[in-house]
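**Q** Following this message is one structure expressed as structure tokens.
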Amino acid sequence: MNPKWWKESVVYQIYPISFMDSNGDGIGDLRGIISKLDYLKDLGVDVIWVCPIYKSPNHDNGYDISDYCDIMKEFGTMEDFDLMLKEIHLRGMKLMMDLVLNHTSHEHPWFQESRKSKDNPKRDFYIWRKGKNGGPPNNWESYFSGSVWEYDEATDEYYLHLYSKYQPDLNWEHPEVVAKLHDMVEWWLKKGVDGFRFDAIAHIVKQQGLPDADNPHQTTTVRAYEMFSNLDDVHTLLQNLYDKVLYFYDIMTVGETSGLGPEQALDYVGDGRRELNMTFQFEHMFLDAASAGSGKWDTVPWNLIELKKVMSNWQTVLHNRGWNANYLCNHDQPRSVSRFGDDVTCRVPSAKMLATFIHTLEGTPYIYQGEEIGMTNVAFDSIDEYRDVETLNYYEEKRTSGVPEAEIMRAIHKKSRDNARTPMQWDATEHAGFTEGTPWIKVNSNYMEINVVQAMKDPDSIYHYYKRLIQLRKKFKVIVYGEYRLLLPLHEEIYAYTRTLDNEVLLVILNFFGKEPIFEMPEGLDLQGMELLISNYEPRKGEDLARLKLRPFEARVYLKKL
Ligand code: NOJ
């Protein structure tokens, strides 16, 4: 089973700008994080993943870095960082940095140099091309709407940016770029950080020659993900990074790799690959997308049988060969309880059921800030209240093409990344206790009811349920390493599975919806002698153990020793 600390850990993700503000400027900061470390320790988390905190003009909340070795001034100073790291370690926790190696900010000195002239020594640190037929060099569409190419008058050429025009892509074919990035990664490791989440790492290599993508409808730009996702040379570059730098440190690494299935993921995380420990997969995040090519904004209801198919495939393919990173939410996704649960009539039971799911699969569970108190999506009335560059660009593009306002806002309410970026709800005081100033983005109006103080007081809260789940993981190896087997693959409401390790069997039964289906015990399984480890409801007295009538969003985890 190849035990590792990062397999046994629970990760908590912090989006610093929205976590805790210590100085009243309305923006979360490092001192704010330090002030909440006891809270995280008490929750039981082992690793804290902090989204980018480097110097940045903040066009994409820090995912546009202008100095890799400095701290964003709004977040604090390098002294604050050193103190944060020390305080995390003092509490026996670890720190995973979020590192953006695919692109920098347009304000990074490398890019400032690069754009000056065609013969500048830093010119080829980025990807520059001449235009074609009076337009951009190819038809690729950026993740944040529009072309991936931005015209730069100074040299009459275009530079490539897979994200916003303020995030020019680095040229990983340039040995000096690679060497400088390696040195920088090592610089952070020497400071004592415990790992990295490598942002957009699947995209560091682009198709040779940057050819046009197929464009059957002759649109101005097309989604061309296959031109810049998970290409073979990404692995050569990652192995090089591993052999030269990562190998020498006992750290945890996770890559953000959209657009792949588990077999392909093994190229990144397979034992013996010398690349990464795990990757974030996106297949389950696209189950509510209307069609493969339509992107994230056009949605359809997701389907449980499909979810089982996707998750089970990852569970079985990676077992004994790699490792999963399990999540339902992060700073780029809607709130999990609003998307996969019911945030109106069953918020508490459904949030607990989803937590049970993520914490009982094989893989490392990731909790996104606020998920542990069941924070929900927001629906701001006006686009003026949104801050996310992706959302604003989408709005602009749709307005320009004549889509009615109400239709655009409907999509934004469902899918905007700002759903997960509203300030952490600490208490019922003004601005949810997040800041004494004016928050950079509005607080969700439900903070009087949903907040940490309330959750800590209530022994039946989602928060206390998370604590128990985390403790169980530390107690039972079968939760970490047990082999997964899906039960009832075609049941439309119940997701059930077993996990087996040596003489222990874990049985997980999850009712994913608000009705009361019957769970018929499959042959070979028997609840006699099983211990109920955790559930989001009181056990029913005198129930028929062969036919369990589940309550809305009920979750039960049983353990049996053979
Ligand atoms: C993925 C990050 O999670 C997202 O927030 C960011 O906008 C893009 N990569 C670009 O760095």
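**Q** Take the residues of the range 68-105 that are in a strand (DSSP E or B) and within 16 Å of the ligand (Cβ to nearest atom): which is surrounded by the fewest Cβ atoms within 10 Å (Cβ to Cβ)?
**A** Within the range 68-105, the match that is surrounded by the fewest Cβ atoms within 10 Å (Cβ to Cβ) is 68.
**Q** Do we have any residue at all in the range 465-477 that's over 27 Å from residue 9 (Cβ atoms) and open to solvent by 50 Å² or more (accessible area, probe 1.4 Å)?
**A** Within the range 465-477 (the criterion being over 27 Å from residue 9 (Cβ atoms) and open to solvent by 50 Å² or more (accessible area, probe 1.4 Å)), the answer is no, since none of the residues qualifies.
**Q** Would you confirm, using the coordinates I've provided, whether residue 35 is away from the ligand (no atom under 16 Å from the Cβ), of a type in the set (S, T, N, Q) and without any contact (Cβ under 8 Å) to a residue 60 or more places away in the chain?
**A** yes
**Q** Further question: Tell me, yes or no, whether the range 116-136 has at least one residue that is more than 16 Å from the ligand (Cβ to nearest atom), more than 22 Å from residue 172 (Cβ to Cβ) and buried (at least 16 other Cβ atoms within 10 Å of the Cβ).
**A** No, every residue in the range 116-136 fails to be more than 16 Å from the ligand (Cβ to nearest atom), more than 22 Å from residue 172 (Cβ to Cβ) and buried (at least 16 other Cβ atoms within 10 Å of the Cβ).
**Q** Then there is this: For the range 231-287, which residues satisfy the criterion of being in contact with a His (Cβ under 6 Å, 6 or more places away or on another chain) and of a type in the set (Lys, Arg)?
**A** Scanning the range 231-287 gives a single hit, 244.
**Q** May I pose another question? Conditions first: (1) within 24 Å of residue 254 (Cα to Cα); (2) not in a helix (DSSP H, G or I). Residue 119 passes all but one, so which condition is the exception?
**A** Looking at each condition in turn, residue 119 falls short on (1).
**Q** Looking at 455, 420, can you tell me which residue is in contact (Cβ under 8 Å) with a residue 12 or more places away in the chain, within 16 Å of the ligand (Cβ to nearest atom) and open to solvent by less than 30 Å² (accessible area, probe 1.4 Å)?
**A** The conditions single out 420.
**Q** Please go through the range 40-67 and give me each residue that is open to solvent by 50 Å² or more (accessible area, probe 1.4 Å) and among the charged types (D, E, K, R), ordered by number.
**A** If the condition is that a residue be open to solvent by 50 Å² or more (accessible area, probe 1.4 Å) and among the charged types (D, E, K, R), then 41, 42, 55, 67 are the ones that fit.
**Q** Let me ask something else about it. Do we find a residue being modelled with pLDDT under 95, surrounded by 17 or more Cβ atoms within 10 Å (Cβ to Cβ) and hydrophobic (A, V, I, L, M, F, W, C) anywhere in the range 287-295?
**A** The answer is yes; a qualifying residue exists.
**Q** In the range 316-329, which residues are surrounded by 22 or more Cβ atoms within 10 Å (Cβ to Cβ) and polar (S, T, N, Q)?
**A** Result: 324, 326.
**Q** For the range 148-188: of the residues being over 18 Å from residue 198 (Cβ atoms) and polar (S, T, N, Q), which is surrounded by the most Cβ atoms within 10 Å (Cβ to Cβ)?
**A** Taking the candidates together, the pick is 164.
**Q** Restricting attention to the range 189-205, and to residues there that are in contact with a strand residue (DSSP E or B) (Cβ under 6 Å, 6 or more places away or on another chain) and either among the hydroxyl-bearing types (Ser, Thr, Tyr) or open to solvent by 10 Å² or more (accessible area, probe 1.4 Å) (or both), which single residue is nearest to the ligand (Cβ to nearest atom)?
**A** 199
The values are calculated or read from the model by the stated rules, or taken from the named source; none is laboratory data. Everything quoted here is computed from the prediction, not taken from an experiment. Note that each Cβ is placed from the backbone with ideal geometry, even for glycine, and that neighbours are counted across all protein chains shown. Keep in mind that these areas ignore ligands, DNA and RNA; they rest on the heavy atoms of the full protein, side chains included. Shrake-Rupley method; radii C 1.70, N 1.55, O 1.52, S 1.80 Å.
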